[in-house]
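Engineer: Just passing along the structure, written as structure tokens.
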């Protein structure tokens, strides 16, 4: 707050977690209701609260498509190469890190990362605040 002059503006544009049950496979995002509670503790006046979730959600579909059609083949090729060159080390690492690998596989290659799920679980907001005296 000390970096803002009186009557200056602060723009926040980010996604937040909605207060709903479940998980879409995309982490991150501060809880929206907690953000609203927290921001009231500062000398800021809300000028604009714009929900841009519907406009940003299609980007999740583009990201998912890129991960599945580019990222997945690259990862599988690298794993195949490593397993051919170092089969014993590969089997050992695969066994040791199987839970983490399964979690990463579900997160990045699962079916939950869609624009529709993003709209259900996240809220992309643009906030404009003015610092008050």
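Bear in mind that the values in this text are calculations on the coordinates, not laboratory data. Owing to the predicted nature of the structure, the values given are computational and were not obtained by experimental measurement. Because the Cβ atoms are built from the backbone with ideal geometry, glycine has one as well, and the counts that use them run over all protein chains shown.
Engineer: Can you give the log10 of the normalised intensity I(q)/I(0) at q = 0.18 Å⁻¹, computed with Debye over equal Cα scatterers of the chain?
Structural biologist: Each listed q corresponds, in turn, to -1.00.
Engineer: Per-residue ellipticity at 222 nm for the chain, helices alone: DSSP H runs ≥ 4 residues times -39500 (n - 2.57), over residue total, nearest 500 deg cm²/dmol?
Structural biologist: Details: 7 runs with 64 residues, N = 133.
Calculated mean residue ellipticity at 222 nm is -13500 deg cm²/dmol.
Engineer: Against the longest principal axis of the chain, how steep is helix 87-96, in degrees 0 to 90 to the nearest 10, with axes from Cα atoms?
Structural biologist: Helix 87-96 sits at roughly 40 degrees to that axis.
Engineer: For the chain, what proportion of DSSP beta bridges, expressed in % and rounded to the nearest 5, is antiparallel?
Structural biologist: 90 percent
Engineer: A further question on this structure: Of the listed peptides 14-21, 104-111, 117-124, 93-100, what is their order by residue-averaged count of other C-beta atoms within 10 Å, with the highest listed first? Don't jump to the answer; show the numbers that get you there.
Structural biologist: Working: 14-21: 14.8, 104-111: 13.2, 117-124: 20.0, 93-100: 10.6.
Result, highest mean first: 117-124, 14-21, 104-111, 93-100.
Engineer: Provide the gained length on full extension for the span residue 69 to residue 83, in nm with one decimal, where the gain is 0.36 nm per separating residue minus the Cα-Cα distance. Intermediate results must be reported in sequence, preceding the final value.
Structural biologist: Working: separation 14, 0.36 × 14 = 5.04 nm, distance 2.16 nm.
Between residue 69 and residue 83, full extension yields 2.9 nm more.
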